[in-house]
Amino acid sequence: MISNCLQKARDFEREHMKRIQDGERPCYHLTGGTGWINDPNGFSVYKGEYHLFYQYHPYSNEWGPMHWGHVKSRDLVLWDRLPIAMAPDEQYDKDGCFSGSALELGDGRHLLMFTGVENKKTDGIIKGFQTQCIAVGNGIDYVKYEGNPVITSKDLPEGVSAVDFRDPRIWQEEDGTFYAVVSGRDSDGNGVVFLFRSQDAMHWERCGEIDRSRGKLGSMWECPDFFSLDGKQVLLVSPMAMKPDGDKFHPGNGTACLIGTYDRESYRFVRQDVQPVDRGIDFYAPQTLLTPDGRRVMIGWMQSWSNSKFVPDGVKYFGQLTVPRELSVHEGRLIQKPVRELESYRGKAVRYSDIVVSDETELEGICGRILDMTVCVNTEESRGEFFIKVACNEEYETVICYDPYKETLCIDRSGSGYLCDIVHSRTFRVNPVKGELNLRILLDRYSIEIFVNGGIQTASLTIYTDQKAQGITFRSKEAAKISIEKYDLVF
Ligand code: FRU
């Protein structure tokens, strides 16, 4: 039985999606059918297909009572829109179905684990109490478990917040046991990731604490993910209220990758290193899945909370997701690469080898807004700052600048169509490898994702530049020796 609340949202979406023409959306980055989206949720394989849900408020371009939007794909690139999966239609989630995860059960059902939010007045103030809940379905329709909520603040140590307790990430181990990491906030303000276990995914007990912010890495840690990768254990978290830390973390919400070791018997995670996940402007709350061929693939919300109220007039949706990225750990560093499936959408290659540029140069065949382009700078034979402008014409530009003296990369979107005073640039250190700086740039109508030196660093940002700005130029203050390989992406 579909609730009125869900039916209303599905009908609304179907009707209002007609207002948005294809060209008004990104070409290969996901958006909601209508309205607002934030975190990716329930990224999973079900019956041989990839399923992805997202935090969704279909009714406006602003955050509101959260639904779960739903899409599926065979190759992680092209997605089919499915009916909205969940609406806030129960007492325990009446104020939102917050973020969560999914897996395929042994009996062929698809299980969603999410946070139910119920606003209640306590001491005269309305607070959103958060509990963990289950829904089970067939890949299209989902029924919320009658025993919900399955984890409540009663399952937490004393003093831990009942209001900041969310974003369960479920998985199943080979022996059949289900585990979930869930974020909480301790009475001292620290973010904590708790571990729960269950034999049937419905009855849960707390069995450990994975890590906490220790007064250093922000407060509440949102959207945890926890998995082994290349002999290491990775904890991804999106901390709120971070203090700045050099060019690693900017103030406010950010996303951190904690790399360490994990003892499955004692549930002990030993943190060895903390790395930023993305150095750009718009990236948050990523989630991963394991593909049938063993790849750990991550997708993130390509947006930042602080900038989320400033979309230019006329944009008919809000929020995009990144391209799914294959993860690995190499020499202790998290590496990200666009999923290899994207390469099968490449058109004809346009290549330039070892050309020298100084004055601003346009190159034949190098232009457009939907493309996959790698620019390789020979740092030994280049001098002076080097600039790539994309999405440019007389009026607009987004600039990527490599400064060889400071060894930094700067992205600047102040000329990208945003007419508000938000963060428009970031600068971070990069290290040439064997005399080369390699920049793979995925350009879509409304975003840029940059993968530096094979994905050792990434930088993602949204742009709202007029689509007429199709230009790409190269310039060096002195002389830069570069090679370029560019493919239009054709869908
Ligand atoms: C992260 C987040 C989650 C929460 C969701 C609500 O962006 O704040 O912690 O579940 O968004 O939409």
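Couple of notes before you dig in:
- Checking each residue in region 353-371 for being out of contact with any Gly (no Cβ under 9 Å at 6 or more places or on another chain) and more than 21 Å from residue 468 (Cβ to Cβ) picks out 353, 354, 355, 356, 357, 359.
- Options 158, 174, 146; residue that is surrounded by fewer than 18 Cβ atoms within 10 Å (Cβ to Cβ), within 24 Å of residue 263 (Cα to Cα) and either within 15 Å of the ligand (Cβ to nearest atom) or not β-branched (Val, Ile, Thr) (or both): 174
- Taking every residue in region 286-310 that is in contact (Cβ under 8 Å) with a residue 40 or more places away in the chain and open to solvent by 30 Å² or more (accessible area, probe 1.4 Å) and pairing it with any residue that is within 16 Å of the ligand (Cβ to nearest atom) and of a type in the set (Gly, Ala, Ser), at least 6 positions away or on another chain, the pairs with Cβ-Cβ distances below 9 Å are 305/252; 306/252.
- Some residue of region 79-89 being in contact with a Ser or Thr (Cβ under 6 Å, 6 or more places away or on another chain) and farther than 17 Å from residue 319 by Cβ: yes
- In the set 418, 446, 405, only one residue is touching a residue at least 60 places away in the same chain (Cβ under 8 Å), open to solvent by 20 Å² or more (accessible area, probe 1.4 Å) and of a type in the set (Phe, Trp, Tyr); that residue is 446.
- Condition check for residue 315: closer than 15 Å to residue 26 by Cβ and in contact with a helix residue (DSSP H, G or I) (Cβ under 7 Å, 6 or more places away or on another chain): no
- Any hit, region 96-115, residues being closer than 21 Å to residue 10 by Cα, outside any strand (DSSP E or B) and within 15 Å of the ligand (Cβ to nearest atom): yes
- Only one of 384, 415 that is at positive phi and among the small types (Gly, Ala, Ser): 384
- Residue in region 21-35 that is assigned to a strand (DSSP E or B) and under 30 Å from residue 294 (Cα atoms) present: no
- Sub-7 Å Cβ pairs linking a first residue in region 156-175 that is among the polar types (S, T, N, Q) to a second residue that is within 16 Å of the ligand (Cβ to nearest atom) and part of a strand (DSSP E or B), at least 6 apart or interchain, are 161/184; 161/185, ordered by first then second residue.
- Per this entry, residue 40 is not counted among residues that are open to solvent by 10 Å² or more (accessible area, probe 1.4 Å) and within 16 Å of the ligand (Cβ to nearest atom).
- If you filter region 197-218 down to residues that are open to solvent by less than 30 Å² (accessible area, probe 1.4 Å) and without any contact (Cβ under 8 Å) to a residue 60 or more places away in the chain, you find that the one that is farthest from residue 153 (Cα to Cα) is 217.
- Scanning region 191-242 for residues that are part of a loop (DSSP other than H, G, I, E, B), modelled with pLDDT of 95 or more and more than 16 Å from the ligand (Cβ to nearest atom) gives 199, 200, 201, 202, 203, 204, 230, 231.
- Qualifying residue in region 261-272 (condition: within 16 Å of the ligand (Cβ to nearest atom), at pLDDT 95 or above and of a type outside the set (S, T, N, Q)): no
- Some residue of region 45-53 being within 16 Å of the ligand (Cβ to nearest atom) and open to solvent by less than 50 Å² (accessible area, probe 1.4 Å): yes
- Among the residues examined, residue 59 does not qualify as open to solvent by 20 Å² or more (accessible area, probe 1.4 Å), closer than 19 Å to residue 136 by Cα and more than 17 Å from the chain's Cα centre (by Cα).
Conditions (1) in contact with an Asp or Glu (Cβ under 7 Å, 6 or more places away or on another chain); (2) not hydroxyl-bearing (Ser, Thr, Tyr), marked per residue:
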residue: 210; (1), (2): no, yes
residue: 215; (1), (2): no, yes
residue: 219; (1), (2): no, no
residue: 236; (1), (2): yes, yes
residue: 248; (1), (2): no, yes
residue: 252; (1), (2): no, yes
residue: 256; (1), (2): no, yes
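- Matching residues in region 66-99 - criterion: being over 30 Å from residue 344 (Cβ atoms), open to solvent by less than 10 Å² (accessible area, probe 1.4 Å) and within 17 Å of the chain's Cα centre (by Cα): 99
- Of all residues in region 251-260 being in contact with a Pro (Cβ under 8 Å, 6 or more places away or on another chain) and within 16 Å of the ligand (Cβ to nearest atom), the one that is nearest to residue 331 (Cα to Cα): 256
The values are calculated or read from the model by the stated rules, or taken from the named source; none is laboratory data. Just so you know, these numbers come straight off a predicted model, no measurement behind them. Ideal geometry is used to build each Cβ from the backbone, glycine not excepted, and the neighbour counts take in all protein chains shown. Note: areas computed on protein heavy atoms with side chains; ligands, DNA, RNA excluded. Shrake-Rupley method; radii C 1.70, N 1.55, O 1.52, S 1.80 Å.
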